[in-house]
Amino acid sequence: KQEVTQIPAALSVPEGENLVLNCSFTDSAIYNLQWFRQDPGKGLTSLLLIQSSQREQTSGRLNASLDKSSGRSTLYIAASQPGDSATYLCAVRGQSGGGADGLTFGKGTHLIIQP
Amino acid sequence: DGGITQSPKYLFRKEGQNVTLSCEQNLNHDAMYWYRQDPGQGLRLIYYSQIVNDFQKGDIAEGYSVSREKKESFPLTVTSAQKNPTAFYLCASRETYNSPLHFGNGTRLTVT
């Protein structure tokens, strides 16, 4: 069964720092991996989707990488801002062993950017 | 703007009553999903539908029911059989299996 782990569960850093969020998964047979952010009381906003054939995706100050063989993905946030404060979740779409539709979510990293 | 609309944002019900949560999308997506989010537990899949008039149970379907009569609509009914219905409910959709998943803003249901 696919398991997705996000460490740390919470992170607090000063504004302006570059930071890395981690996502690890146990089964490397995946179709893709998606990063989301969730603001309090809101739905999930899609940030980046990496297909299994890709190594990374970039959007503005965000860069997500994927290493299938080691079962890891990282989300790099450059020059962090207070508006980046949110919970960041990753989700893996596996070829087998995932949820009922093949998608398994991590529990998220709660990020606080201190002004 | 295209998107997913969930209504209402907050819903309060007495124990023993059925309640229906609305989810409408204008993205022309075939697949739609219902998730439940509880503190510390992450997202859990309740039901999903790949196409109109067809749907499958997710990981925690007991006590819930859905219908998919129109492509743009996927309502979720929380029945009195659901033991712990108080939660944050999220609806999502995607275009194809390899496409990004898009979410609505959620409905917070409180049952007392």
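The values are calculated or read from the model by the stated rules, or taken from the named source; none is laboratory data. Predicted model only: the values in this text are computed from it and were never measured. Neighbour counts are summed over all protein chains in view; Cβ atoms, including those assigned to glycine, are modelled from backbone coordinates with ideal geometry.
State yes or no: is A:K1 loosely packed, with under 14 Cβ neighbours inside 10 Å, closer than 16 Å to B:R44 by Cβ and of a type outside the set (D, E)?
Details: loosely packed, with under 14 Cβ neighbours inside 10 Å: yes; closer than 16 Å to B:R44 by Cβ: yes; of a type outside the set (D, E): yes.
Yes: the conditions hold for A:K1.
Determine if the range B:64-71 includes at least one residue that is of a type in the set (D, E, K, R), without any contact (Cβ under 8 Å) to a residue 40 or more places away in the chain, more than 10 Å from every other protein chain (Cβ to nearest Cβ) and surrounded by 17 or more Cβ atoms within 10 Å (Cβ to Cβ). Quick ask: steps written out before the conclusion?
Initially, the range B:64-71 is screened for residues of a type in the set (D, E, K, R), giving B:68-71.
If we keep only those that are without any contact (Cβ under 8 Å) to a residue 40 or more places away in the chain too, we end up with B:68-70.
So of that shortlist, the ones also more than 10 Å from every other protein chain (Cβ to nearest Cβ) come out as B:68-70.
The next check asks that each one be surrounded by 17 or more Cβ atoms within 10 Å (Cβ to Cβ); those that pass are B:68.
Yes, the range B:64-71 has at least one match.
Tell me which residues, restricted to the range A:1-50, are of a type outside the set (D, E), assigned to a loop (DSSP other than H, G, I, E, B) and in contact with a Gly (Cβ under 8 Å, 6 or more places away or on another chain). Break it down into steps so the answer makes sense when it comes.
Initial filter on the range A:1-50 (of a type outside the set (D, E)): A:1-2, A:4-14, A:16, A:18-26, A:28-38, A:40-50.
If we keep only those that are assigned to a loop (DSSP other than H, G, I, E, B) as well, we get A:1-2, A:6-9, A:16, A:18, A:26, A:28-29, A:40-43.
Hits for the range A:1-50 are A:K1, A:Q2, A:Q6, A:A9, A:T26, A:S28, A:A29, A:G41, A:K42, A:G43.
Could you tell me whether any residue of the range A:78-86 is within 11 Å of the chain's Cα centre (by Cα), assigned to a strand (DSSP E or B), crowded, with 18+ Cβ neighbours inside 10 Å and not charged (D, E, K, R)? If you could, list the steps in order and put the result at the bottom.
Looking only at the range A:78-86, we keep the residues that are within 11 Å of the chain's Cα centre (by Cα), and these are none.
Scanning the range A:78-86, I find no residue that is within 11 Å of the chain's Cα centre (by Cα), assigned to a strand (DSSP E or B), crowded, with 18+ Cβ neighbours inside 10 Å and not charged (D, E, K, R), so the answer is no.
Hey, can you tell me all the residues within the range B:17-45 that are closer than 20 Å to B:S93 by Cβ, free of Cβ contacts under 8 Å to residues at least 24 places away in the same chain and surrounded by fewer than 23 Cβ atoms within 10 Å (Cβ to Cβ)? Working first, answer last.
Taking the range B:17-45 first, the residues closer than 20 Å to B:S93 by Cβ are B:20-37, B:42-45.
Among the residues that remain, those that are also free of Cβ contacts under 8 Å to residues at least 24 places away in the same chain are: B:42, B:44-45.
Passing the criteria: B:G42, B:R44.
Which residues, taken from the range B:1-59, are of a type in the set (D, E) and in a loop (DSSP other than H, G, I, E, B)?
Of the residues in the range B:1-59, the ones of a type in the set (D, E) are B:1, B:15, B:24, B:30, B:38, B:54, B:59.
Answer for the range B:1-59, where residues must be of a type in the set (D, E) and in a loop (DSSP other than H, G, I, E, B): B:D1, B:E15, B:D30, B:D59.
State the number of residues belonging to the range B:62-76 that are touching a strand residue (DSSP E or B) at 6+ places or on another chain (Cβ under 7 Å) and in a strand (DSSP E or B).
Total satisfying the criteria: 5.
Rundown of residues vs (1) touching a Leu at 6+ places or on another chain (Cβ under 6 Å); (2) farther than 15 Å from A:Q38 by Cβ; (3) modelled with pLDDT under 95; (4) not β-branched (V, I, T), yes/no style:
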position: A:S65; (1), (2), (3), (4): no, yes, no, yes
position: A:R72; (1), (2), (3), (4): no, yes, no, yes
position: A:Y76; (1), (2), (3), (4): no, yes, no, yes
position: A:Y88; (1), (2), (3), (4): yes, no, no, yes
position: A:I112; (1), (2), (3), (4): no, no, no, no
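When you scan the range B:79-90, do you find a residue that is at the interface with chain A (Cβ under 8 Å from one of its Cβ atoms), touching a residue at least 60 places away in the same chain (Cβ under 8 Å) and either surrounded by 21 or more Cβ atoms within 10 Å (Cβ to Cβ) or closer than 12 Å to B:A31 by Cβ (or both), even just one?
For the range B:79-90, residues at the interface with chain A (Cβ under 8 Å from one of its Cβ atoms), touching a residue at least 60 places away in the same chain (Cβ under 8 Å) and either surrounded by 21 or more Cβ atoms within 10 Å (Cβ to Cβ) or closer than 12 Å to B:A31 by Cβ (or both): present.
Restricting attention to the range B:45-63, and to residues there that are among the charged types (D, E, K, R) and more than 8 Å from chain A (Cβ to nearest Cβ), which single residue is nearest to A:Q6 (Cα to Cα)? So that I can check it myself, show each step before the final result.
In the first step, residues of the range B:45-63 are kept if they are among the charged types (D, E, K, R); the result is B:54, B:57, B:59, B:62.
Now restrict to residues that are more than 8 Å from chain A (Cβ to nearest Cβ): B:54, B:62.
Values: B:D54: 33, B:E62: 28 Å.
Step by step, filter the range B:45-63, then rank; the result is B:E62.
Test A:S65 against the stated conditions and say whether it is away from every other protein chain (no Cβ under 12 Å), assigned to a loop (DSSP other than H, G, I, E, B) and of a type in the set (S, T, N, Q). Please lay out each step first, then the result.
Values: away from every other protein chain (no Cβ under 12 Å): yes; assigned to a loop (DSSP other than H, G, I, E, B): no; of a type in the set (S, T, N, Q): yes.
In short, no.
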